[in-house]
Amino acid sequence: MPTKEQVIESLKTVLVPATKRSIVGMNLVRDVTISDGRINVNLASTGLIPGAQDWVRDRTKEAIKKLPEAGEVNVEYSDVKAKELNAIDHVLAVMSGKGGVGKSLVSSLVAIALKRQGYEVGILDGDITGPSIPKMFGLKVQPSGNEGGLLPVLTKSGIEVMSINLLLPNEDDAVIWRGPLIGRAITQFWEEVLWGKLDYLVVDLPPGTADAPLTVLQQIPISGIIIVFTPQDLTTMIVKKAVNMARQMSKPILGVVENMSYLYVPEIDKKIELFGKSRGEEMARAAGAPLLGQLPIDPELAKLCDEGNIERYNVDLIAKLGESISASMLSAKN
């Protein structure tokens with residue numbers, strides 16, 4: 001008879017419809033017992049519609065029966081809430097003191113950078129009234145699920161995404177909600193979406209320091225905050241507001257990212273600082289945290305975002321951003 005470890009290893013080949021992640025990666029395998037020549041597998045039904053449950057049951061049995069000396073296989077389902085299954089190692093909140101600084105862009109690039117390092121990554125789009133992440137990734141599929149929870153939508157490179165725009169009939173429908181409703185929606189994305197096992201969940205916070213970001217910082221176990229800004233004179237005050245909020249909530253600041261730092265003109269090999277001199281080092285000192293990266297104004301990146309192909313953006317600064325975040329996380333732990 002195969003061992004319990006061998007059975008679980010075989011189940012890594014069974015994919016959850018819609019997410020294309022394994023039932024092990026989605027943490028749906030609740031228990032495996034082996035007795036009297038029978039292998040019993042208990043799975044959570046969370047997020048699986050009846051047809052998907054039948055499909056997963058059949059694939060589970062097929063996978064186990066390929067093991068040497070596998071006997072009779074029995075697969076049963078249990079009703080479990082999504083929040084009981086989610087196992088997320090690190091939650092990164094991307095924050096800004098105001099809107100329009102490219103916070104959603106930075107959230108997306110952070111997720112891409114971490115995914116390229118080999119981590120399992122998700123994005124919780126908390127910008128309820130201005131969700132742009134599905135557009136940048138070219139996502140238009142509505143999430144599926146059941147009473148136990150919703151399944152996130154997977155990007156081309158395998159990043160899990162949940163956004164209010166994926167739930168609207170039309171992507172340009174306006175979400176006209178007051179603060180408490182927005183905060184509740186973000187909390188539901190945290191508790192009622194089956195994220196499964198993730199190394200990192202990147203939370204794109206709403207701009208400012210009002211109800212919605214406050215709800216996130218109070219109710220979600222944030223591992224660290226990344227603050228986004230642009231190089232204008234107004235920046236210092238805005239960054240300090242975000243820094244002060246993070247400190248009052250006792251949340252560690254992993255670092256700062258300067259967006260729209262410069263425009264590179266290859267024909268003359270020159271960087272033009274359209275919005276004034278870089279304030280990256282100054283803002284890093286104000287935050288008491290490292291400067292994680294300086295992102296340029298790049299027409300190619302803008303084009304890829306408009307096309308829904310942000311994951312094709314492949315420049316050295318993406319790798320450096322991921323390395324900086326990993327180093328900052330390690331430093332924060334120590």
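Look at where the Cα atoms of the range 264-293 and of the range 56-70 average out, and the two centres are 55 Å apart.
In the structure shown, the pairs LYS270/LYS303; LYS81/LYS140; LYS115/LYS277; LYS65/LYS197 are assessed against 29 Å; a Cα-Cα span above that value is assigned to LYS115/LYS277. A simple charge model with +1 on the Cβ of Lys and Arg, -1 on the Cβ of Asp and Glu and nothing else charged puts the dipole of the range 254-334 at about 360 debye relative to its Cα centre. When THR33, THR155, THR46 are arranged by Cβ crowding within 10 Å, least crowded first, meaning fewest neighbours, the order is THR33, THR155, THR46. Rounded to the nearest 10 degrees, the inclination of helix 179-191 to the longest alpha-carbon principal axis of the chain is 40 degrees.
If each residue of separation counts as 0.36 nm, what is the full-extension length gain between ARG116 and SER78 once their alpha-carbon separation is subtracted?
Working: separation 38, 0.36 × 38 = 13.68 nm, distance 3.44 nm.
In short, 10.2 nm is gained.
Each part gets one Cα centre, and for the range 236-253 versus the range 308-329 those centres are 24 Å apart. Loop sites here are trypsin sites (Lys or Arg not before Pro) outside DSSP states H, G, I, E and B with no more than 15 other Cβ atoms within 10 Å. The longest part of the chain free of them is 179-276. Springs join every pair of Cα atoms under 10 Å in this Gaussian network model of the chain, and among VAL101, VAL16, VAL75 the largest mean-square fluctuation is at VAL75.
Between the residues VAL80, VAL101, LEU139, the greatest Cα displacement towards the positive end of the dipole of the chain, with unit charges on the Cβ of Lys, Arg, Asp and Glu, is found for VAL101. Where in the range 207-309 are there chymotrypsin sites (Phe, Trp or Tyr not before Pro) that are in a DSSP coil and have at most 13 other Cβ atoms within 10 angstrom of their Cβ? Passing both the DSSP loop test and the Cβ count: no residue. With each label modelled as a point 7 angstrom along the Cα→C-beta vector, the LEU168-GLN188 pair spans 1.5 nm. Rounded to the nearest 20 debye, the dipole size of the range 84-333 about its Cα centre is 680 debye, using +1 on the Cβ of Lys and Arg and -1 on the Cβ of Asp and Glu. Between the amide H of SER78 and those of LEU43, ALA44, SER45, distances stay under 5 Å, these residues lying 5 or more places away or on another chain, with hydrogens modeled in the peptide plane.
A short reminder: the numbers here are calculations on the coordinates, not readings from a lab. Please read all numbers here as calculations on a predicted model, not as lab measurements. Cβ sites come from the backbone with ideal geometry, for glycine too, and all protein chains shown count toward neighbours.
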